[in-house]
1. Restricting the search to the range 51-63, which residues are over 25 Å from Val34 (Cβ atoms) and either surrounded by fewer than 16 Cβ atoms within 10 Å (Cβ to Cβ) or modelled with pLDDT of 90 or more (or both)?
2. How many of the residues making up the range 26-58 are of a type outside the set (Phe, Trp, Tyr) and more than 26 Å from Pro68 (Cα to Cα)?
3. From the list Pro99, Pro111, pick out the single residue that is free of Cβ contacts under 8 Å to residues at least 60 places away in the same chain and assigned to a loop (DSSP other than H, G, I, E, B).
4. Please specify each residue of the range 15-47 satisfying the condition of being at pLDDT below 95 and under 20 Å from Pro115 (Cβ atoms).
5. How many of the residues in the range 13-23 are crowded, with 18+ Cβ neighbours inside 10 Å and either in the same structural domain as Asp78 (by TED's automatic domain parsing) or more than 13 Å from Gly91 (Cα to Cα) (or both)?
6. Please enumerate the residues belonging to the range 75-95 that are surrounded by 13 or more Cβ atoms within 10 Å (Cβ to Cβ) and in contact with a strand residue (DSSP E or B) (Cβ under 8 Å, 6 or more places away or on another chain).
7. Arg5 passes all but one of (1) in contact with a strand residue (DSSP E or B) (Cβ under 9 Å, 6 or more places away or on another chain); (2) not assigned by TED's automatic domain parsing to the domain that holds Asp121; which number fails?
Amino acid sequence: MAIARMRSIVLDCPDPDRLARFYSALLGWEVTSVEDDWVVVTDGQSGRLCFQLAEDYQAPDWPDPDRPQQFHIDVTVDDFDTAETEVFALGAVKHTHQPSEKDDFRVFLDPAGHPFCLCVD
């Protein structure tokens, strides 16, 4: 028996609206709540990402252990090259560190500097 049910994953960032719109476009989820310091996107079922204003936010500098990534999001795509072009258009950048020699994921940074990976099965 579970003790709790997942409610949200919350990311600190300097601009909640911008980051929420990035993930909304990336995942095809809807922005459902907008406040000055808090924005929510959902898949309309159980998925919920929230973006919280952190005025002193410092982006991770992974793989540097002084400012580790803390967590990251993996998303599955059908075609790396198409998805890469589309996330660039949304404001993502490709991370300089690509740890996999296999071609099953690529590491990017969202507009606030959080790492995320495009993955193929």
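The values are calculated or read from the model by the stated rules, or taken from the named source; none is laboratory data. Here the structure is a predicted model, which is why all the values come from computation and not from measurement. Cβ: placed from backbone, ideal geometry, glycine included. Neighbour counts: every protein chain shown.
1. Listed by number, the residues that qualify are Asp61, Pro63.
2. So the first thing to find is which residues in the range 26-58 are of a type outside the set (Phe, Trp, Tyr), and the list is 26-28, 30-37, 39-50, 52-56, 58.
Subset that is more than 26 Å from Pro68 (Cα to Cα): 28, 30-36, 42-46.
Of the residues in that region, 13 qualify.
3. Exactly one residue qualifies, and that residue is Pro99.
4. Gly47
5. Within the range 13-23, residues that are crowded, with 18+ Cβ neighbours inside 10 Å and either in the same structural domain as Asp78 (by TED's automatic domain parsing) or more than 13 Å from Gly91 (Cα to Cα) (or both) number 2.
6. Val75, Val77, Phe80, Ala83, Glu84, Val87, Ala92, Lys94, His95
7. The one condition Arg5 does not meet is (1).
Listed here are the residues, each with its yes/no results for (1) β-branched (Val, Ile, Thr); (2) surrounded by fewer than 12 Cβ atoms within 10 Å (Cβ to Cβ); (3) in contact with a helix residue (DSSP H, G or I) (Cβ under 7 Å, 6 or more places away or on another chain).
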| residue | (1), (2), (3) |
| --- | --- |
| Trp38 | no, no, yes |
| Val41 | yes, no, yes |
| Leu49 | no, no, yes |
| Pro65 | no, yes, no |
| Ile73 | yes, no, no |
| His97 | no, yes, no |
| Pro115 | no, no, no |
